[in-house]
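The values are calculated or read from the model by the stated rules, or taken from the named source; none is laboratory data. This is a predicted model, so every value here is computed, not measured. Reconstructed Cβ throughout: ideal geometry from the backbone, glycine too, with neighbour counts over all protein chains shown.
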Amino acid sequence: MSTRPLRFAALAVALLTLGATLSAQGFGPGHGPGRGAAPGEGRGLRGLNLTETQQAQVKAIHERHQMASKAKGEAADVARKAMHEAMANGATDTKTLQVLHEKVSAAQFELMLERRAVRQEILPLLTAEQKAKFEQGPMGMGSHGGRGRGPGSGPRTGVGPGGPRMQPS
């Protein structure tokens, strides 16, 4: 009995799970500065009580990075879409899937670096108290690494779209 179909199925599940995870973290509609936030206060900056000067500086930083962030987000979306289409095609060989996966990973990494650059430019603008609070939030990467889980999420347990999850100890 051949294990090749089982390996392919396991790879397919792993790639689909990775794609869903990357999509949840991707830069697309509904991501970016929060609606209703003060000018220059994205989701990660809400509640820091930025001064008007800080708000203007943060807004300028976001505007400087907007085009690059958008382009890198779109590149990641295109790479994910290509991988999903290849996954849906049963004739796609493993080597092609691996190349497409690497393209998704590289595009996602570039987007992550762009977000990091924004964060690195914002940090020097903040007071010590604001920095401490910022580090706790999603853009500061505190509390479970940021995006995708929303405020108030505790440890993930049970079975969900990604399969079984570990129970907290």
* Asked: Is there a residue in segment 131-148 that is hydrophobic (A, V, I, L, M, F, W, C) and either in contact with a helix residue (DSSP H, G or I) (Cβ under 6 Å, 6 or more places away or on another chain) or at pLDDT 95 or above (or both)?
  -> yes
* From the options Leu11, Leu6, Leu48, residue that is of a type in the set (A, V, I, L, M, F, W, C) and at pLDDT below 60 -> Leu11
* Asked: For segment 77-109, how many residues meet the condition of being within 18 Å of Gln66 (Cα to Cα), surrounded by 18 or more Cβ atoms within 10 Å (Cβ to Cβ) and out of contact with any Asp or Glu (no Cβ under 9 Å at 6 or more places or on another chain)?
  -> 2
